[in-house]
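Below is one structure, written out as C-alpha cells; the observations come after it.
Every number in this text was worked out from the coordinates using simple rules, so none of it is lab data. Keep in mind that what you see is a predicted model, and the values were worked out from it rather than measured. All Cβ positions, even for glycine, are placed from backbone atoms using ideal geometry, and neighbour counts span all protein chains on display.
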Number of protein chains: 2
Amino acid sequence: MTSGYPIRPLEEDDFLPIHRTLTAWWDDWGDPQAANQRMLLLPRLFFQHFADISMVVTDPRDEVAAYLIGFMSQSRAGQAYIHFVGVHPDLRGHGLGGRLYRRFFELCASRGATRVSCVTSPGNIRSIGFHRALGFEVATGRPHSGGFDVQPDYDGKGLDRVCFVRSLEPIATPDIEKSTSGGGHDVSAP
Amino acid sequence: MTSGYPIRPLEEDDFLPIHRTLTAWWDDWGDPQAANQRMLLLPRLFFQHFADISMVVTDPRDEVAAYLIGFMSQSRAGQAYIHFVGVHPDLRGHGLGGRLYRRFFELCASRGATRVSCVTSPGNIRSIGFHRALGFEVATGRPHSGGFDVQPDYDGKGLDRVCFVRSLEPIATPDIEKSTSGGGHDVSAP
C-alpha cells in the first residue's frame, strides 16, 4: 500500500511537521519527558545542514509518512551515520523503514561511504530486530537480558545504547519491503 | 594567564570529560532538567563525526578548560555552524572563547566557508554580548525586552533561540582576547 509513496530530500520546512510526530507517533507509556528528549535530539540544525541525504516519505495528501535523518561523517572518511528515524504508526510493517534505509545506503555509497552506523535504546526491541534484519551487526558490549549487547552510558549518564554497524559491501538480506519488522523506531531516543 | 593553553582537535575520548562539564560548569538556578537538556544536545555522534574542526583547550594539568563543537554544513555550501561551546567558570573573561571562535573561523574559511551561524537561548545575555562583540549579527525576529530579536519555538516547542550569523570576510572586531565577555556560554542550550 505504501510502495508508491514518494521519497524526497529533507527540507528545513519539514522541521515543524516532523517535530509534531515526536509526540504523536511514539507511545511513551506515560513518560512525559520522552517526547522532550526526542525534541532535543532533533534541533533545527539537522534540517538545515544535513538535508541532502536525509529523506522524507510523503503520503497521498503530501503529509509526512516517514523520515530518516542522517549524514556523512565529516571526520571519519568512508563512514555515514543514521541519527533519527520515524514511521507513522498506522504505516508500520509496510516496509517504509526498509525503503528509507536502502535509499540512504545507496546515497552514502555514491559518496564513498563503506559503512553506516547508528544507535538505538535497549528498550526498543522492534528497532533492534529491524536493524539486524537489515544486516547491521551489534557492537560488543555488556550483555543484556534481551539477547544483545549494550553500551552503558553511551550518550551520557543513564543513556545506554545498542550500537549498530553495517558494511555497505553487498550483504544478502531478507526482503525488508515485506518484513513486518520495518520502521516505527527512533534510532537514538529512548 | 590562559593565552598559553594549547588548542587541539576534539577526540571521542573527550566525551566523558566534556559531559561532566555539562553539570559542573553551568549555574542552572536550581533547574534539574537543564543539565539533562545539555546532555541530549551533545550525543556522542558529535565527538565521532565532527571531531576535525571541533576543538578543546586544555589547562597545564591536561584537563579540559574550554571547548567548541561545530561543523561544516553538508547541504549548504560555504556555511559552517557552531553547535556548543563551554568555558570553565574559573577561566571566563580571559579570552578562551574568543580564541576558539577565531580558530574555528580560520579552519572553516580554509575549507571554503564564507559564513558561520549559531544560536543561543534568550536568557543567555552573556552569550549574546559575546557573539555581538565577535561580529555576529542577530537575525530579525520577535523583539525581546533584552534589546535583541528572538525566534520563537526555533528548536521545538518552548525552545526559543537567538540566531546569529557572521560573514567570514574580514570584519573589524574589538580585541576579544582581552574582552571580559568571552566564553562561559553554551551556544545552543538554555
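What range in chain A is the longest one free of GluC sites (Glu not before Pro) that are in a loop by DSSP and have at most 15 other Cβ atoms within 10 angstrom? Before the final figure, lay out each step's value.
Working: sites that count: A:GLU11, A:GLU63.
Here the longest run is A:64-190.
Hey, what's the Kirkwood Rh for chain B if you take every pair of different alpha carbons, in angstrom?
Values: mean 1/r = 0.0600 Å⁻¹.
Its Kirkwood hydrodynamic radius stands at 16.7 Å.
Quick check on the exposure proxy: order A:MET55, B:MET1 from fewest to most C-beta atoms within 10 angstrom. Intermediate values should be presented prior to the final figure.
On the way: A:MET55 22, B:MET1 7.
Listed from fewest to most nearby Cβ atoms, that is B:MET1, A:MET55.
If we restrict to alpha carbons, what Rg and Dmax does the protein assembly as shown come to, in Å?
Cα-based Rg and Dmax for the protein assembly as shown come out at 20.8, 66 Å.
Count, for each residue of A:145-157, the Cβ atoms from other chains sitting within 10 Å of its Cβ, then give me the mean as a whole number. All intermediate terms of the calculation are to be shown ahead of the outcome.
Numbers: counts 0, 0, 0, 0, 0, 0, 1, 0, 4, 3, 8, 12, 8.
Partner-chain Cβ atoms within 10 Å, mean over residues of A:145-157: 3.
How about segment B:1-94: which trypsin sites (Lys or Arg not before Pro) there are in a DSSP loop, with at most 16 other Cβ atoms within 10 Å of their Cβ?
On the way: sites: B:ARG20, B:ARG38, B:ARG44, B:ARG61, B:ARG76, B:ARG92; in loops: B:ARG44, B:ARG61, B:ARG76, B:ARG92.
Answer in residue order: B:ARG61.
Taking every residue in A:8-20, how many Cβ atoms of other protein chains lie within 10 Å of its Cβ, on average?
Values: counts 0, 1, 1, 1, 2, 0, 0, 4, 3, 0, 0, 5, 1.
Averaged over the peptide's residues, the number is 1.
Which of the DSSP-defined H helices in chain A satisfy a minimum axial length of 18 Å, computed from C-alpha atoms, and a minimum mean Kyte-Doolittle hydropathy of -0.5?
In chain A, the long hydrophobic H runs are A:96-110.
Scan segment B:1-54 for chymotrypsin sites (Phe, Trp or Tyr not before Pro) in coil per DSSP, keeping those whose Cβ has at most 12 other Cβ atoms within 10 Å, and list them by number. Let's see the in-between values first.
Values: sites: B:PHE15, B:TRP25, B:TRP26, B:TRP29, B:PHE46, B:PHE47, B:PHE50; in loops: B:TRP25, B:TRP26, B:TRP29, B:PHE50.
Here the chymotrypsin sites (Phe, Trp or Tyr not before Pro) that fit, given the DSSP loop and packing criteria, are B:TRP29.
Taking 0.36 nm per residue of separation and subtracting the Cα-Cα distance, what length does fully extending B:ALA109 through B:ARG132 add?
Values: separation 23, 0.36 × 23 = 8.28 nm, distance 1.96 nm.
Result for the pair: 6.3 nm of gain on full extension.
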